[in-house]
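Here, each number is a calculation from the coordinates, and none is a lab measurement. These numbers were taken from a predicted model, which means no experiment stands behind them. Backbone-built Cβ (ideal geometry, glycine too); neighbour counts: all protein chains shown.
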Amino acid sequence: MHVTMEALLYRIQFHDDQQAFKALYQQQVFPLYQFAFAFLKQRQPAEEIVNDVFVKLWEKRQQLDKIHEIKVYLYVAVKNAALNYLRKATIFTETDLDSLHVQHFRLEADTAQLLLTHELQQAIAAAIQQLPPKCKLIFKLVKQDELSYKEVAGILGISPKTVDAQLTIAMKKLAAHLQPFAGAESIKQKAKSY
Amino acid sequence: MKSERIAALLAKRAGQAATIEELEELDRLLAADREAAWLAGIVDAVGTRNEDAATTFATAGWEQVAGKLTVTPAPLRRKAAFWWAAAAIIGVILSAGIGWQMMQQRKTAPLAAARQQLAAPLGKTVKALLPDGTIVWLNAGSNISYDAGFNHNNRNITVTGEIFLDVTKNEALPFIVHTSNMDVHVLGTCFNIKAYEDDTRSEVTVIGGKVQVIMRNSPEKKVILLPHEKLVLAVKPNTTAAPQAHVNFQVQGLAGTADTSLVMETAWRDQKLAFMNETFEEVARKMERQFNVTISFEDENMKREILSGVFEKENINKALQLLQMITPFHYSIDQQHVYLSK
């Protein structure tokens, strides 16, 4: 059962529908939690911040139609709450996108589908780990959270062009890192298909 | 150069920013280069959502969030009126003696911190959502409370004043409404409670579904009410907690009106003031709550006049003018105080 975001938001705003709110929560909460974790590097405050954002959203449900891009709104709310938390916790540390901790994400390939060797899986993990933090975060938001350039730009407060440039860098680096495997693997796959 | 172009196009496609021409270009490039196609496949598969982890996280997280969603009641909106059309309705109207309520609150004082309270001030109607999804409307000057176990090991609420409930069905956890005089058991339906502390009678009105009413002072008396039945229980206001020797109640059918969608007992939810064969004194008490005023009769005989009528709740002046069409009287208003005379 897939309900569109618009339908969920309508039911939440005009019917006070908690089941619809639960569905929205379950669709969105995990990537938002990972996003909060990238800033906070601790599980508990990241969880609390994200849940708090949802509780506040429920309290504001009667104005939901005034929020134009709900996903961007949620990511920005999480980002602001996380930065506020850090400001209170660590007075002397400036946090910017370049010092984010993105290691946490399990950015691995769908191995079942691709029949990858163990060696290749490790190479993919290493290639992702090598990406600079900001580059990796953008790669994660686009690839895993399925956000558009425009949405990522809105969330991080940068231009869509920067998002494009960063993602292109990520793609190039990954491709370059995996290039040595390409010849052998593609031949193997060809052999399998006969 | 070709691999750079492929990387750029892969990035654009992932970011939902590629044009149709660019997508076609990418397809052509990948079709011509087996190695590049293989790499693109790998890169595309990287970052697939981990659905299991997401589901586990969301299930645990929702437990944390669900309990926090009902604290602020949302004000009643006219837009919500269509809820009624869809719902089978049970109205239960009860009224309560003040003494018992006060005693109960004192007895449970140590637990008071854990109790969740919802209240509608005089002159206001409030709509709110309970943790189990039940919707509650509170009429002016009403209050409900429930403990931390609500929706976990019980669905008990305590009421003073008048509320209407649209109860979420849950066979495992029966919904029980406690007032000073009775307990009302419901299994998933709509439900209206009136339990103002200064009224002389309790009423339970069923419009659709079924409820069981147990008299608090004589638990052996269990009354099952069917649709369009109303239970009226005589109570003395401002009595102490001393048990009443006998319970005086009767079950009657709902009075019919020309407009079948209008039920006198629940008209308050639609911002209507409705009364049928009620004394002027009773009507005045309703108006005091609805408009947050004090009404004084300068002629005692006026109090006993019997009135019937329905009107939209607009303002106290309009309401009094409409009442003047039913029975002749004069009125004057001094701030929040209304004086009625012949």
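State which entries of B:127/B:210; A:79/B:169; A:60/B:230; A:60/A:88; A:79/B:12; A:60/A:134 exceed 28 angstrom in Cα-Cα distance in the structure shown. Beyond 28 Å between Cα atoms: A:79/B:169; A:60/B:230; A:60/A:134.
On the basis of the beta-carbon distance and an R0 of 56 Å, residue A:176 and residue B:154 show a calculated FRET efficiency of 0.35. The residues B:285, A:87, when put in order of fewest to most other Cβ atoms within 10 Å, stand as A:87, B:285.
Cross-link partners of residue A:150 among aspartates and glutamates, defined as those whose alpha carbon lies under 12 angstrom from its own and excluding same-chain residues fewer than eight positions apart: A:69, A:164. Taking label positions 7 Å along the Cα-Cβ direction at both residue B:250 and residue B:301, the computed distance is 2.7 nm, reported to one decimal.
When segment B:271-342 is described by a simple charge dipole with +1 on each Lys and Arg Cβ and -1 on each Asp and Glu Cβ, the residue from B:280, B:311, B:292 located farthest towards its positive end is B:311.
Between residue B:64 and residue B:228, the contour length at 0.36 nm per residue exceeds the alpha carbon distance by 55.0 nm.
For segment A:5-95, the square roots of the Cα gyration tensor eigenvalues, ordered a ≥ b ≥ c, give a/c of at least 1.5 with a/b greater than b/c, which places it in the prolate category. By the beta-carbon count within 10 Å of each Cβ, the least crowded to most crowded order of B:201, B:5, A:61, fewest first, is B:5, B:201, A:61. Label zone (residue A:87, point 7 Å along Cα-to-C-beta; backbone nitrogen cut-off 20 Å) within segment A:155-183: A:155-158.
State whether segment B:271-342 is rounded, prolate or oblate according to the following rule on the C-alpha gyration tensor (a ≥ b ≥ c being the square roots of its eigenvalues): a/c under 1.5 gives rounded; otherwise a/b larger than b/c gives prolate, and the remaining case gives oblate.
rounded
In this simple spin-label approximation, residue B:119 and residue B:326 carry label points 7 Å from Cα along the Cα→Cβ vector, and these lie 3.0 nm apart. Each residue, residue B:308 and residue B:31, gets one label point 7 Å from its Cα in the Cβ direction; the gap between the two is 8.2 nm. Couplings 3J(HN,Hα) of segment B:267-272, computed from phi: 5, 4, 5, 8, 6, 10 Hz, in residue order, whole Hz [Karplus 6.51 cos²θ - 1.76 cosθ + 1.60, θ = phi - 60°; x for Gly and Pro].
Summary of packing: across the peptides B:270-281, B:317-328, A:145-156, the per-residue average of other C-beta atoms within 10 Å ranks them, highest first, as A:145-156, B:270-281, B:317-328. Count Lys and Arg as plus one, Asp and Glu as minus one, and take only other residues whose Cβ is under 10 Å from that of residue A:69; the net charge is then +1.
What is the fewest-to-most order of B:295, B:214 by other Cβ atoms lying within 10 Å of their Cβ? Intermediate results must be reported in sequence, preceding the final value.
Values: B:295 21, B:214 16.
Least to most surrounded, the residues fall as B:214, B:295.
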